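Asks: Pasting a structure here, questions to come.
The values are calculated or read from the model by the stated rules, or taken from the named source; none is laboratory data. Predicted, not measured: the structure shown is a model, and the values here were computed from it. Note that we place each Cβ from the backbone using ideal geometry, even for glycine, and neighbour counts take in every protein chain shown.
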Amino acid sequence: MTVPDHDAPICSARGCRAAAVWVLAWNNPKIHTPERRKTWLACEEHREHLSKFLGVRGFLKDVVRLEDWKSPESGSPAG
Ligand SMILES: [Zn+2]
């Protein structure tokens, strides 16, 4: 059993320990200001699932490759 590197970004899908490849940027207009971006991380397998989850709620703003993502607030995707 391999223990993932704590510095390596991990997919945000529940129970998934795969390395994240995608950043899903989203915003809930009811609780966030319009310029605010929350981020979820997704592996290849969960990108569609997570983006659909956000998309049906109208929250999804952007899907960007992790390597191309420049986040102003790097930290935990939770919250
Ligand atoms: Zn995953």
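One line per residue, one yes/no per condition, for (1) away from the ligand (no atom under 16 Å from the Cβ); (2) over 24 Å from Asp7 (Cα atoms):
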site: Glu35; (1), (2): yes, yes
site: Leu41; (1), (2): no, no
site: Glu44; (1), (2): no, no
site: Phe53; (1), (2): no, yes
site: Val56; (1), (2): yes, yes
site: Leu60; (1), (2): yes, yes
site: Glu67; (1), (2): yes, no
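Asks: Just the residues that are under 18 Å from Glu67 (Cβ atoms) and out of contact with any Pro (no Cβ under 8 Å at 6 or more places or on another chain), please, taken from region 14-44. Don't jump to the end; show me each part of the working.
Replies: Narrowing region 14-44 to residues under 18 Å from Glu67 (Cβ atoms): 18-25, 37, 39-44.
Result: Ala18, Val21, Trp22, Val23, Leu24, Ala25, Arg37, Ala42, Cys43, Glu44.
Asks: Here is a follow-up. With the checklist (1) surrounded by 12 or more Cβ atoms within 10 Å (Cβ to Cβ); (2) at pLDDT 95 or above; (3) in a loop (DSSP other than H, G, I, E, B) in hand, flag the one item Pro77 doesn't pass.
Replies: Result: Pro77 fails condition (2) only.
Asks: Could you check how many residues of region 22-67 are assigned to a loop (DSSP other than H, G, I, E, B) and among the polar types (S, T, N, Q)?
Replies: Initial filter on region 22-67 (assigned to a loop (DSSP other than H, G, I, E, B)): 27-37, 43-46, 57-59.
If we keep only those that are among the polar types (S, T, N, Q) as well, we get 27-28, 33.
Summing the residues that are assigned to a loop (DSSP other than H, G, I, E, B) and among the polar types (S, T, N, Q) in region 22-67 gives 3.
Asks: Follow-up question, since we're still on this one. On the given criteria, is Arg65 under 10 Å from Trp22 (Cα atoms) and either small (Gly, Ala, Ser) or modelled with pLDDT of 95 or more (or both)?
Replies: Against the criterion (under 10 Å from Trp22 (Cα atoms) and either small (Gly, Ala, Ser) or modelled with pLDDT of 95 or more (or both)), Arg65 qualifies.
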